[in-house]
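All of the numbers you see were taken from the coordinates with simple rules; none came from a lab. All values derive from a computational prediction rather than experimental measurement. As a convention, Cβ positions derive from the backbone with ideal geometry for all residues, glycine included, and neighbour counts pool all protein chains shown.
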Amino acid sequence: MKTANYLGVALLVLASCACGCQLFPADHPMLHGQSPLKPAPASADSVAMEIVWARFPANDPVLDDAAWHNIDETQIDPTVRRELVNNGLRAGVISGALPPTIDKVLHQGAQPDSPTKNSNAKSDTAKSQTPELLTEPIIHARTRRLRRNERFEIQASESYASMPLLVNNGTELTGHTYEQADAIYALRVDPRPDRTAMVELTPELQHGAPRWRWTGGDDGVVHQASLKERQVFDRLRMSVKLAPGEMLVLMSMPDSGSSLGHYFHTVDSADGPQQKLILIRLAEVPPSNTFSDSAKP
């Protein structure tokens, strides 16, 4: 009896093919390499952050001084700002037009099809991709959409086989050598009802050989991941309020030696030592009522 049923189904399929019938209509999107599913819309509780890396000759007197005349360093907590300077780092906020010196760095050698024009087309995974800072273009940018308190790692350096680091904690200078070390800025955002966002940035080193560890994700689920050890510099954690279009600027102090500023923002190239400028821009925020207390799910 079962054999007769299978035979009947087979005959029906053959008859359909003979009559020119198709399992999908000829104009079905699947037949043209298209998915019938609509793309997922951007999350209503996320913001878009643009990160820009730019390299230029180290110890440029104009960038080390003049550029900061139009950068607001007072938006960094005074205590944190002092800790940053003690460790060779400088940070501030740009509102409105870019200072001419920063604008010049971001447009050095720009061509119509340069990476700075189409860099926003690059997509990022849940963790930041790892740019090879010596082989990437002199200027490159990436855009990442972040939900509230989602951790995103910004790679600030190439990997160091050995990093002899001096840390100034305000009262004493301590030293330690980190093996297989990477300089990372850990970024988190906290969108506000007034269409601004609190941007938190923490310098840290990830060092040593990766090992499988239990870790909690942003979704609250504990899982295993291959991770390096972390040295987090909580005293240098920056927290600034940005409006759309404003950006946090990060550079090193001149002649920053073996400090964090040197390892985060200096790279040796065939053309000599170069400094890395990092800009973190609040590119897009949700509508004003998305995060209001009265907003309904």
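For a protection proxy built on the mean count of beta-carbon atoms within 10 angstrom, sort 227-235, 168-176, 273-281 highest first, please.
Top to bottom by mean Cβ count within 10 Å: 273-281, 227-235, 168-176.
Fully extended, how many nm does the chain gain between Ser95 and Asp255 (0.36 nm per residue separation, minus their Cα-Cα distance)?
54.8 nm
Take every Cα pair under 8 Å in the stretch 46-284 that's 6+ residues apart, average their separations, divide by the length, and report that relative contact order as a whole percent.
On the way: 511 pairs, mean separation 69.2, N = 239.
Across the stretch 46-284, relative contact order equals 29 percent.
Count the lysine pairs in the stretch 46-284 whose Cα atoms lie under 23 Å apart, taking only pairs 8 or more positions apart in sequence or on different chains.
6
When ranked by the protection proxy of mean other Cβ atoms within 10 Å per residue, highest first, what sequence do the peptides 77-86, 182-191 form?
182-191, 77-86
For the stretch 46-284, take the convex hull of the Cα atoms, compute a quarter of its surface area, and give me that in nm², please.
13.3
Under the definition of Cα pairs under 8 Å and six or more residues apart, what whole-number percent is the relative contact order of the stretch 174-278?
22
Give me the net charge for the shell around Asp60: Cβ to Cβ below 15 angstrom, other residues only, Lys and Arg +1, Asp and Glu -1.
Details: positive: Arg55, Arg90, Lys104, Lys276; negative: Asp64, Asp65, Asp103, Asp255, Asp271.
Its environment carries a net charge of -1.
Run the quick spin-label model on Glu150 and Thr79: label points 7 Å from Cα toward the beta carbon, then report their separation in nm to one decimal.
Simple spin-label model gives 3.2 nm for this pair.
For Leu146, Leu260, what ranking results if the residue with the fewest other Cβ atoms within 10 Å of its Cβ goes first?
Numbers: Leu146 21, Leu260 27.
Least crowded to most crowded, the residues run Leu146, Leu260.
Summing Lys, Arg as +1 and Asp, Glu as -1, what charge do residues with Cβ under 10 Å from the Cβ of Thr196 carry, Thr196 excluded?
0
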